[in-house]
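Read-outs: derived from the displayed coordinates by stated rules, not from any lab. Quick caveat: nothing in here was measured; it's all calculated off a predicted structure. No Cβ is skipped: glycine too gets one built from the backbone with ideal geometry, and neighbour counts run over all protein chains shown.
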Amino acid sequence: MLEKYRYNVARCARCGICRAKYSEKVHYVCPVREHTGGFEHYFSRGRVAVAAGILEGAIDYSPELVDVLYTCLGCKSCVEQCGSVDMRNGKSLVDTAKIVREMREDAIALGLEPKIMQELHATVSKTKNTFGGNLEEKNKLAKKFELPEKGDTIFFSGCYGVYRDRKEAEATIKILKATGAAPAYLADKEWCCGVMEYWGGNTKVARDMALHNLEALTTAGVKTLVTACSGCLDTIKDIYPEIIEDKLPFKVIHISEYLADLVEKGELKFTKEINKTVTYHDPCHLGRHARIFDAPRKVIESIPGITLKEMERNREASGCCGSGIGAVRALEPDLALAITNDRIKEAVATGAEVLTSACPMCVEQLTLAGRASKAKLEYINLPALVAEAMGL
Amino acid sequence: MNVVRVKEHHPLYSELSVIVGSKYTTDSDFAVWAYSRDSSPVPGKVPGIIVRPGSTEEVSEIIKLANITHTPVIPRGGGASIFGFPAGIPGRSIVIDTTRLDKLIEINEENMTVTAEAGIGVCELGTKLTEKGYYANLVWAPYYADTLGGLIGGVMGGGWSTRTQVVGPNANHILGMKVVTPTGGIIQTGGGPGTNVHRKTTFMRDGGGPDTTGLFIGDGGTFGIKTEITLSIYPLETVAKPRGFLFKSFDDIWSAISKLMAIEPFPYTNLVGLAPNATALFMSDPCWVLLCYTRGYEEEEVTTKIKVVDEVCKAAGGELGSEAIHMQASAAGTGEMYREMGKLASIGMWVFLETHVPKEDLPRLFNKYAELIDQRFEEKGIKEYGGIRMDVMLPVGHGECYLSTNVYWQVNVPEARKKVMEIADEFVNVTINDGLFATTAQRIPAGVTGANWSPSYYEFMRTLKRAMDPNNIINPGHWGL
């Protein structure tokens, strides 16, 4: 509920740094402001002002406002630029992504959830995955790689890894096995992590997913959870503790962190040179949300033959892929595409041959837009790139 | 919570949509609410409709329509003003959001000028000039939020850069403007192209008749809506050195400041005096601190100037600060200290009580205002709301000083805000009654400023406003007119 953020909403200084269009670090802060009518309610300061108006009882939720709320990508570019800190807990003082999420939750409670989001959440509730796929697919993956159900190290495939980009999931499993991690896999007991439901405002479904997964993981004896999906990583690592109001009894890492650690120890062995120039897209949920910027770069740079070329906006200042946890892509496809095209142009400007990222959702969004615009780029997820260089 | 379903459009919704396009027109309740306030704690006024025009001609058409229908217009830049957004007529006014007019038109390296649309962000303009090796005298804060037009209209002197203390405010560096007048006419000031029909290049404000450019500086947008602005630019300095000195008392630091500001040429580019209540933010043992930043084009020039600063500060009892203090001087001198204003929210909710004081009055008035604010803090129980204040003083030229008491409070309850605003209102009134100036040209300071004009000057301004804006369309009520 937005009420939880009353203190934070009132503390926005309305200074407007979140509307800066150009600074030494970023060309523009909010991609949504850039690709819409650009009114205040399309970026952080105005969204927080609207939240204040609701809390003060001056304005109410309406279908039109709900449409605007679902244009927020949750990319946290504004939060990054704002930089204000809540001295009570060290967290971001004005976390607009969270504030908008709470407003979405309130709108859902009023029966104002957009139809597409209702359908998505119903699908997740029913099928336990985002795409309405059969959980049997996860059993097939477990069987193919002879993955046990229990173990210290659990691979969390997420929905994308199984129903959209199987290559990413398979590459991750191969890497984990080849490097001696002996991964286990929950298979059909692994439900959607709940990322789309949580950020989409459907806390109930997100909570159901979280509680189920935590129980399944605990039963499986998890000590370390490894995932290649930045959405799953951030949700399990940062949102699950918020949902259960407790610390997790296990460690959550992204495959890039696992690999970077091996690089550090000199234990990652490559058998093939990839003589290509590569550019890396920072996923919002891995970067600004989970603060992982160095690990994927360390891994990419360790691959023999690869030259890493950074896009103009990178790391904390990275542009969003435009997907907005699928919600913006589903509800505002033209807006999402315009934002993705900006990113594709930046990737092309580096002169790179390959565009990689550490999130299947980003890779899918960039691939679709890049191919549509006939950009001369090859799109590959980070685990697949590493697996190729390892000869797996 | 109730759900609002349908709201009638603003009476000019269709006409305005035809002018700027429906994508850039909105009158949704949440949209106008989001435009009701600036970055100050001053209570907001909700406008009737917002438009984001994309050209000077569109601005002109909006103004003509407003005149026909007698609808008030409020121009708005970055929305970063710190003392209240012009009120207009709530529920009816048209807010012209100028931020779509954001093109950098030309950097003219031969004439050392830059021309940009008025809605360009100051940070964007500043960054693009830096990339070319130049600077303009823009603003040190809010660097990321201000627009060029908002800065020039909304701030005393048209903006304050980190070099203002030695080269004067931005007003001294503005060459000309394109302005949409309150009746919808489009004029070009500055004596250059657009003023003299035969002149092709360069601007000279004091040529071609009276200097009308000044009419639009610090006017809060009331005399017209700026759409293009030409400024002088200068090559970036190549050498810069910071210096931080610690002082035991106000008398000691003031002795150093007053001696330094009397020297010609100035041995500093930026000089900031901080009271212990401000240095407590970065020092475990807070004291009076003088931050100096000297820029130049030759190592020898800067070294010589810094030597002068050292001698004056030491003679006044100053102790050379640590490397960390010098870094603070760098942050102040480059503007970094003030740029990321959002971070101020970490310290607390804030209001800046700023004014300009003649040099000879500074010690007396500094103490007077410190006592006044202390007393009000006590009376109103501001400390119970986590209230703190930070006092800052800066010399400006040889004879003026900027003085600011930044008030922060921690508890966001309406009564806290109300009580702090009572102090702020009193401060504006007291300082203007002491013959000082408000630094901003927005709602509250503009009202108090107008109320303190002499009868003859008030009459002159009223005549001017009536002549230029016969329907009182733009910022009605500004300066009490």
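Observations on the model:
- Using R0 = 25 Å, the C-beta based FRET efficiency linking B:V167 and B:E311 works out to 0.60.
- Relative intensity, log₁₀ I(q)/I(0), of region A:148-224 from a Debye sum that treats every alpha carbon as a point, q = 0.15, 0.19, 0.23 Å⁻¹: -0.54, -0.82, -1.07
- Were the residues from A:R6 through A:D261 laid out at 0.36 nm apart, the gain over their Cα-Cα distance would be 87.7 nm.
- Summing charges over all other residues whose Cβ lies under 9 Å from the Cβ of B:A34, with Lys and Arg as +1 and Asp and Glu as -1, gives +2.
- Computed from backbone phi with θ = phi - 60° and the Karplus coefficients 6.51, -1.76 and 1.60, the 3J(HN,Hα) list for region B:199-212 is 7, 9, 9, 6, 10, 8, 4, 8, x, x, x, x, 7, 7 Hz; x is used for glycine and proline.
- Pairs beyond 20 Å (Cα-Cα), from A:K167/A:K251; A:K177/A:K269; A:K237/A:K298: A:K167/A:K251; A:K237/A:K298
- The Cys residues in chain A with no partner Cys Cβ within less than 4.7 Å of their Cβ are A:C12, A:C15, A:C30, A:C72, A:C82, A:C159, A:C192.
- In loop segments of region B:401-481 as defined by DSSP, the chymotrypsin sites (Phe, Trp or Tyr not before Pro) with at most 16 further C-beta atoms inside 10 Å of their C-beta are B:W453.
- Each pair of Cα atoms in region B:1-102 enters the Kirkwood radius, and Stokes-Einstein at 25 °C and 0.890 mPa s then converts it into a translational diffusion coefficient of 177 µm²/s.
- Rounded D (µm²/s) - region A:117-260, Kirkwood Rh over Cα pairs, Stokes-Einstein at 37 °C, 0.692 mPa s: 221
- With Cα atoms as the point set, region A:323-377 shows a radius of gyration and Dmax of 10.7, 32 Å.
- Here the calculated FRET efficiency for B:N108 and A:K374, from their Cβ-Cβ distance with R0 = 51 Å, stands at 0.85, rounded to the nearest 0.05.
- Ellipsoid fit via the Cα gyration tensor, region A:239-392: semi-axes of 24, 24, 12 Å, each the root of five times an eigenvalue, largest first.
- Stokes-Einstein translational diffusion, chain B - Kirkwood Rh over all Cα pairs, 1.306 mPa s, 10 °C, in µm²/s: 68
- Shielding by other protein chains, B:114-126, mean Cβ within 10 Å: 2
- Dimensionless Rg/Rh of chain A - Kirkwood Rh, Rg from C-alpha atoms: 0.96
- Whole-Hz ³J(HN,Hα) from phi, Karplus 6.51 cos²θ - 1.76 cosθ + 1.60, for region A:114-128, glycine and proline x: x, 4, 4, 5, 4, 5, 4, 5, 5, 4, 5, 4, 7, 9, 6
- Per residue, chain B reaches -10000 deg cm²/dmol at 222 nm when only DSSP H runs of four or more residues are counted, each adding -39500 (n - 2.57).
- Per-residue average of Cβ from other chains inside 10 Å of B:176-186: 0
- If the segment from B:R199 to B:E301 were pulled out straight at 0.36 nm per residue, it would be longer than the present Cα-Cα gap by 32.8 nm.
- In order along region A:330-344, the Karplus-derived 3J(HN,Hα) couplings, from 6.51 cos²θ - 1.76 cosθ + 1.60 at θ = phi - 60°, round to 6, 8, 10, x, 5, 5, 4, 5, 4, 5, 5, 4, 4, 5, 4 Hz, and Gly and Pro are given as x.
- Global geometry of region B:239-339, whether rounded, prolate or oblate, following the gyration tensor of its Cα atoms and the 1.5 cut on a/c: oblate
- The modelled label-to-label distance for the pair B:N367/B:I263, using points 7 Å beyond Cα in the direction of Cβ, is 2.7 nm.
- Equivalent ellipsoid of region A:1-67: semi-axes from √(5λ) of the C-alpha gyration tensor, largest first, are 23, 15, 8 Å.
- With at most 14 neighbouring Cβ atoms within 10 Å, loop GluC sites (Glu not before Pro) (DSSP) excluded, longest segment of chain B: B:111-297
- Compared with the alpha-carbon gap, the fully stretched path from B:E379 to B:S322 is longer by 16.7 nm at 0.36 nm per residue.
- Ranked B:Y369, B:Y134, criterion: other C-beta atoms within 10 Å, fewest first: B:Y134, B:Y369
- Where Rh is the Kirkwood radius over Cα pairs, Rg/Rh for region B:195-293: 1.18
- Distance between the C-alpha centres of region B:403-451 and region B:2-77: 28 Å, rounded to the whole angstrom.
- Quarter the surface of the alpha carbon convex hull of region A:2-113 and you get the mean projected area, 6.8 square nanometres.
- Theoretical FRET efficiency, 1/(1+(r/R0)^6), r = Cβ-Cβ of B:S22 and B:I68, R0 22 Å, to 0.05: 0.60
- Loop-located trypsin sites (Lys or Arg not before Pro) in region B:248-323 whose Cβ has at most 16 other Cβ within 10 Å (DSSP): B:K248
- Rounded to 5, percent antiparallel among DSSP beta bridges of the protein assembly as shown: 70
- Among the GluC sites (Glu not before Pro) in region A:214-259, those placed in a DSSP loop whose Cβ has at most 12 other Cβ atoms within 10 Å are A:E245.
- Measuring between their Cα centroids, region B:125-198 and region A:99-153 lie 53 Å from each other.
- Average partner coverage of A:61-73, which counts Cβ from other chains inside 10 Å: 3
- Quotient of the Cα radius of gyration of the protein assembly as shown and 2.2 N^0.38 Å, N being its number of residues: 1.01.
- Cα gyration tensor shape of region B:55-207, rounded if a/c is under 1.5, else prolate or oblate by comparing a/b with b/c: oblate
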